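These notes concern the structure reproduced below.
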Amino acid sequence: MNVLALFQPVKVFVFDIDGVLTNGQLLLSEDGAMLRSMNIKDGFALQWAVKQGYEIVVISGGRSEAAKCRLEKLGIEKVFIGVSDKLTLLRQLMTDNNWPAESILYMGDDIPDLDCLKVVGLATCPADAAPEVLKICPYVSPVKGGQGAVRDVLEKVLKLQGHWSF
């Protein structure tokens with residue numbers, strides 16, 4: 001099967017934060033703050049997808065209020081941090097919003113994402129994902145987490161569906 005065909009039915013994007021929207025590294029400051037960086041090009045693509053009417057969801061086990069604030073400023077309303085059971089939340093969102101599995105693209109990078117990756121229509125991951133994740137994803141972005149992997153999958157869907165008009 002042509003992998004690009006898997007992108008065609010996507011209407012909902014679900015992303016992890018650490019290792020997907022960030023490069024997975026933490027900068028530790030002397031005052032104990034843990035700093036992350038996000039890719040500005042991912043941010044543009046997320047904001048554009050929201051404006052085009054796509055559902056964007058972020059589910060993270062981490063508790064970064066700064067990351068949540070950044071994502072909300074991009075127009076993403078469904079940002080969940082500190083989630084210990086991502087699958088239960090994802091299933092609840094699917095039920096509450098009547099999202100069929102085949103309409104959902106999930107991008108994760110590590111063991112806590114495995115269960116979610118197995119229940120969606122299109123499981124994706126950054127190039128530097130954990131081996132267990134790489135093994136089950138039909139699409140592996142050529143780009144590492146935090147360096148444009150999110151934009152890669154957003155662009156694919158939006159271009160296929162005629163919503164990337166630049």
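Coordinate-derived values only; no laboratory data. The structure presented is a predicted model; accordingly, all values stated were derived computationally and were not measured. Cβ atoms come from the backbone with ideal geometry, glycine included; neighbour counts cover every protein chain shown.
Figures for the structure shown
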{"quantity": "13 Å beta-carbon shell around Asp85, net charge (K/R +1, D/E -1)", "calculated": "0"}
{"quantity": "Simple label model, 7 Å out from Cα along Cβ direction - Lys159 to Phe44, nm", "calculated": "1.5 nm"}
{"quantity": "Charge tally in the Cβ shell below 12 Å around Ala66, where Lys, Arg are +1 and Asp, Glu are -1, Ala66 excluded", "calculated": "+3"}
{"quantity": "For Val14, distant residues with modelled amide H under 5 Å away", "calculated": "Val57, Leu105, Tyr106, Met107"}
{"quantity": "Per-peptide average of other Cβ atoms within 10 Å, ordering 97-103, 26-32, 38-44, 145-151 highest first", "calculated": "145-151, 38-44, 97-103, 26-32"}
{"quantity": "Residues whose placed amide H lies under 5 Å from that of Gly75, excluding near-sequence neighbours", "calculated": "none"}
{"quantity": "Sum of side-chain charges, Leu4 neighbourhood, beta-carbon under 14 Å (Lys, Arg +1; Asp, Glu -1)", "calculated": "0"}
{"quantity": "With eigenvalues of the C-alpha gyration tensor scaled by 5 and rooted, the chain, Å", "calculated": "23, 17, 16"}
{"quantity": "Estimated vicinal HN-Hα couplings, Hz - the range 153-166 in sequence order (Karplus 6.51, -1.76, 1.60; Gly, Pro = x)", "calculated": "6, 4, 4, 4, 5, 5, 5, 4, 9, x, 10, 10, 9, 10"}
{"quantity": "Contour minus Cα-Cα distance for Leu134 and Asn97 (0.36 nm per residue)", "calculated": "10.5 nm"}
